[in-house]
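Engineer: The structure that follows is given in the form of structure tokens.
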Amino acid sequence: MVINGQNGLSEVQQDEYFQVNALQLVETADGSTTIFNTIIGEHYHSRHGALQESRHVFLNEGLLHFLNDQDKSDLAILEVGLGAGLNFLLSADFCLTHGINLNYVGIEPFPLPSSFVCQTGYVHYISDELWYSFIEKYELSVNNVMSINKFCQLQIAHCYLLAFQSEQRFDIIYFDAFSAIHQPDMWSFESIEHACRFLKPGGLFVTYAITGHLKRSLKKMGFSIEKVPGPPGKREMLRATKN
Ligand SMILES: C[S@@+](CC[C@H](N)C(=O)[O-])C[C@H]1O[C@@H](n2cnc3c(N)ncnc32)[C@H](O)[C@@H]1O
């Protein structure tokens, strides 16, 4: 199934999509769990390894790359498609360990119930302290800024990407939408431009995919593009800097 448009789901489709019984937890090649949405026929992460993908694309090639050339004690990250929060958890764990203040906003039109997130097993990849605080505050962070710990704030923006508005500007955008095959509108010039509006000059846009259209869109916005080796199962991914 193709999800057409940011708001293009009919109410019935949205209801179906929302239902947790449309979601299945499945094991990926590295032993970590992802979610399979049976309505749209798409996984939330790579079947070659959810944890490996998240660590490679967003942590190593995103956050750590960004921190390579600068000594930052405060960081703001905007994620498009918070999903089950794996990218958030790995980033928050890194920031907690390194004493970096993290302000994280995750756009998510269909926040998952915390009872479902609890079943992902992501507790094993971060500190217990972070996990239990995350689970306690997760649902409260929908449209509210919640302190997860002394280093980290989370807000889930409960809206579609194109409806997202904020005065805040971010250092990094994690663009983790469903693939263009299933959700082409998320990769349109309009969507990418809208997301990039919230990026600071010098900020980083990172995603697991790389297509000619995406490169052209970012170049048109004046970004510098880098092709980076992808996670297992993907030859390349894209990283771009806002000039
Ligand atoms: C590939 S999954 C993200 C996985 C997630 N980052 C994680 O670590 O679990 C894509 C996410 O985008 C969300 N999504 C769907 N339509 C969207 C839209 N128009 N704007 C923002 N997010 C959307 C989906 O609900 C889903 O959670």
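Engineer: Could you compute the FRET efficiency for K220 and E129, with r as their C-beta to C-beta distance and R0 at 51 Å, rounded to 0.05?
Structural biologist: Working: r = 44 Å, r/R0 = 0.86.
The formula returns an efficiency of 0.70 here.
Engineer: Further question on the same structure: DSSP beta bridges in the chain, what fraction antiparallel, as a percent rounded to 5?
Structural biologist: Values: 21 of 44 bridges.
Counting only bridges with both partners in the chain, antiparallel ones make up about 50 percent.
Engineer: Stokes-Einstein diffusion coefficient for the range 87-212 at 20 °C in a medium of 1.002 mPa s, Rh from the Kirkwood formula over Cα pairs: what value in µm²/s? Before the final figure, lay out each step's value.
Structural biologist: Values: Rh = 15.6 Å.
Value of D from the Cα-based Kirkwood radius: 137 µm²/s.
Engineer: For E193 and N68 in one chain, what is 0.36 nm times their gap in residues minus the Cα-Cα distance, to one decimal in nm?
Structural biologist: Values: separation 125, 0.36 × 125 = 45.00 nm, distance 2.59 nm.
Gain on stretching E193 to N68: 42.4 nm.
Engineer: Okay, moving on. In the range 95-138, what is the volume of the convex hull around the alpha carbon atoms, normalised per residue and reported in Å³? Each step should come with its number before you reach the end.
Structural biologist: Numbers: hull volume 3.8 nm³, N = 44.
Spelled out: Cα convex hull of the range 95-138, divided by residues, is 86 Å³.
Engineer: Please arrange K215, K137, K72 by counting, for each residue, the other beta carbons lying within 10 Å of its beta carbon, fewest first. Present the calculation step by step, with values, prior to reporting the outcome.
Structural biologist: On the way: K215 15, K137 18, K72 12.
Listing K215, K137, K72 from fewest to most nearby Cβ atoms yields K72, K215, K137.
Engineer: At q = 0.07, 0.09, 0.11 Å⁻¹, what is the log10 ratio I(q)/I(0) for the chain, with the Debye formula run over Cα points and no solvent?
Structural biologist: -0.20, -0.34, -0.52
Engineer: Can I ask one more? Which entries of K150/K215; K72/K150; K137/K234; K137/K220; K72/K242 show an alpha-carbon separation above 28 angstrom in the structure shown? Could you put the intermediate results ahead of the total?
Structural biologist: Values: K150/K215 38 Å; K72/K150 16 Å; K137/K234 34 Å; K137/K220 39 Å; K72/K242 18 Å.
Correct reply: K150/K215; K137/K234; K137/K220.
Engineer: Something else: Who wins for biggest fluctuation among I225, I148, I181 in a Gaussian network model of the chain, springs between alpha carbons below 10 Å?
Structural biologist: Largest GNM mean-square fluctuation: I181.
Engineer: Could you check the simple spin-label distance between C118 and L140, using points 7 Å along Cα→Cβ, in nm with one decimal?
Structural biologist: About 1.6 nm, to one decimal.
Engineer: Now for a separate question. Quick one: if the Förster radius is 35 Å, what FRET efficiency do F36 and T211 give, using the C-beta to C-beta distance and rounding to 0.05?
Structural biologist: On the way: r = 23 Å, r/R0 = 0.66.
Working from the Cβ atoms, E equals 0.90.
Every read-out reported here was derived from the displayed coordinates using simple, explicitly stated rules and does not represent laboratory data. Note that this is a predicted model, so its numbers are computed, not measured. Reconstructed Cβ throughout: ideal geometry from the backbone, glycine too, with neighbour counts over all protein chains shown.
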